[in-house]
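The structure under discussion appears below in the form of structure tokens.
The values are calculated or read from the model by the stated rules, or taken from the named source; none is laboratory data. Because the structure is predicted, anything quoted here is derived from the model rather than measured. Glycine also receives a Cβ, built like all others from the backbone with ideal geometry; neighbour counts cover every protein chain displayed. Heads up: the accessible areas ignore ligands, DNA and RNA and are worked out on the full protein's heavy atoms, side chains in. Shrake-Rupley method; radii C 1.70, N 1.55, O 1.52, S 1.80 Å.
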Amino acid sequence: MNYFSLNHNAPKVKFSEAVVKGLAPDKGLYFPESIAPLSKELIDNIERYSKEEIAFQAIKQFVGDEINEVELKRIVAETVNFDFPLVEVEPNVYSLELFHGPTLAFKDVGARFMARCLGAFSKFDEKKVTVLVATSGDTGGAVADGFLGVDGVEVVILYPSGKVSDIQEKQLTTLGKNIKAVEVKGTFDDCQRMVKTAFLDEDLNNTLNLTSANSINVARWLPQMFYYFFAYQQLKDKTKNLIISVPSGNFGNICAGMMAKRLGLPIDLFVASTNANKVVTEYLNSGNYEPRPSVQTISNAMDVGEPSNFIRIEELHQKSFNTLKTALLSFSYSDEQTRMAMKDVKKHTGYILDPHGAVGYLGLKDALKNVENAQGVFLETAHPCKFINVVEDTLGEKVDIPAKLEGLLSKEKVAVSLENNYDQLKELLLKSASIQMV
Ligand SMILES: *Cc1c(COP(=O)(O)O)cnc(C)c1O
């Protein structure tokens, strides 16, 4: 499988190069050159397949022949080795719980898959790959856990000092091995800027094999297709119209759902549920696409002012506004509406939503009003305990912390402290490269 750049000004590359590079040299996102539907037999008989087999069938054309079948099956099995339960919250309203992975956030699947692909490619390369990533919270934990112990890959994670939750900080700083946590005296935007500067630094790139691990990377984006197959597999009644609502920030997850539909999954309508960061919601209403600086909300993993994957969604809909409008609805909700939904759902059903899932729930309910004979799934993208302050404050009660996280809180934090200064980061990266060579 070849990938082309959506800026159309760079050579086509194979899967391995798209994964190792992340972004094309013309700064465009990579996109697969062709997309073939899966067999109807698989979709019609999906209950008979294991989740490992479904995931393998969904991803194999996008990997091509660069990872052999036995190894790809192993990678996929390790990627999805936890549960993805579909829970009925109300009649015709289901929550697809994507928080049963090791770091309790849906980003685990993409991080685990990408890490294992890079590990497979680095076997043929003498130079180690260094994954450099800035995090405002969830991404860092998922990447740290996903890449832990992968041969040939060093991971450096920058996070803003004092601006991530205790659980999130421990998830980054207690693993050791090939994971290095860097605590920056600055904001997330400062971390992001330092990382971007590093990617453009020729000197550094001559010495190191640098790559990023955010959702623009095809190996993090595409495996998110699996969720939609798992949701469909678990639906008891497959005759009703199916609506899927995705709480969206960078729009990688929902774009993967649209790929699953292209592979033949019968999804009738997508809903992009957003918080106050509503560029796409407004675009679908007005036809004007106007990115803005992000604003802070209680569903902060979706605080994105310029969603990087939206261009892939346009590509999937022939770059036609009208085609997109028939496939996608979008609604935006304030923090107040989000908290209200969390309270109402808890009161009437006992189900605890995290703020991101609550935005997804609201979007689904609004979409269901417009479609006859429909049922819907919203994606619950994080465990409520990852946003424990907001959840406890909203519901006025304690939330249980799962046993697998409790042990974490007593572990010792290990992090390198840096000023908000690129030269310090560069020095650190070069030093670790010279250690790798001996
Ligand atoms: C990253 C994230 C999102 C947004 O997903 P995108 O693919 O960026 O749209 C939603 N919820 C949670 C909890 C996240 O961590």
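Can you pull out the residues in the range 73-85 that are surrounded by fewer than 19 Cβ atoms within 10 Å (Cβ to Cβ) and of a type in the set (A, V, I, L, M, F, W, C)?
Ala77, Phe82 - these are the residues of the range 73-85 that are surrounded by fewer than 19 Cβ atoms within 10 Å (Cβ to Cβ) and of a type in the set (A, V, I, L, M, F, W, C).
Among the residues of the range 227-242, is any within 12 Å of the ligand (Cβ to nearest atom) and open to solvent by less than 10 Å² (accessible area, probe 1.4 Å)?
yes
Within the range 290-305, count every residue that is acidic (Asp, Glu) and within 12 Å of the ligand (Cβ to nearest atom).
1
For residues that are of a type in the set (S, T, N, Q) and modelled with pLDDT of 85 or more, scanning just the range 397-438, find the one that is most open to solvent (accessible area, probe 1.4 Å).
Ser410
Per-residue answers, yes or no, for (1) closer than 29 Å to Ser122 by Cβ; (2) open to solvent by 30 Å² or more (accessible area, probe 1.4 Å):
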| residue | (1), (2) |
| --- | --- |
| Lys163 | no, yes |
| Lys180 | yes, yes |
| Asp189 | no, yes |
| Arg193 | yes, yes |
| Leu200 | yes, yes |
| Ser248 | no, no |
| Asn253 | yes, no |
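Output the residues belonging to the range 344-396 that are open to solvent by less than 10 Å² (accessible area, probe 1.4 Å) and away from the ligand (no atom under 16 Å from the Cβ).
Hits for the range 344-396 are Val345, Ala367, Gln375, Gly376.
What do you reckon, is Lys123 open to solvent by 30 Å² or more (accessible area, probe 1.4 Å), away from the ligand (no atom under 13 Å from the Cβ), modelled with pLDDT under 90 and out of contact with any strand residue (DSSP E or B) (no Cβ under 6 Å at 6 or more places or on another chain)?
When the stated conditions are applied, Lys123 passes them.
Being closer than 17 Å to Ser299 by Cα, modelled with pLDDT of 95 or more and assigned to a helix (DSSP H, G or I) narrows it down to one of Leu362, Leu324, Leu379, Leu353, so name that one.
The unique qualifying residue is Leu362.
Can you find a residue in the range 289-298 that is open to solvent by less than 40 Å² (accessible area, probe 1.4 Å), of a type in the set (A, V, I, L, M) and under 26 Å from Leu104 (Cβ atoms)?
Yes, the range 289-298 contains a residue that is open to solvent by less than 40 Å² (accessible area, probe 1.4 Å), of a type in the set (A, V, I, L, M) and under 26 Å from Leu104 (Cβ atoms).
Report whether or not Thr139 is within 18 Å of Leu429 (Cα to Cα) and within 16 Å of the ligand (Cβ to nearest atom).
no
Which of the residues that make up the range 308-340 are touching a Phe, Trp or Tyr at 6+ places or on another chain (Cβ under 7 Å) and closer than 22 Å to Ala367 by Cα?
Phe310, Ile313, Ala327, Leu328, listed by residue number.
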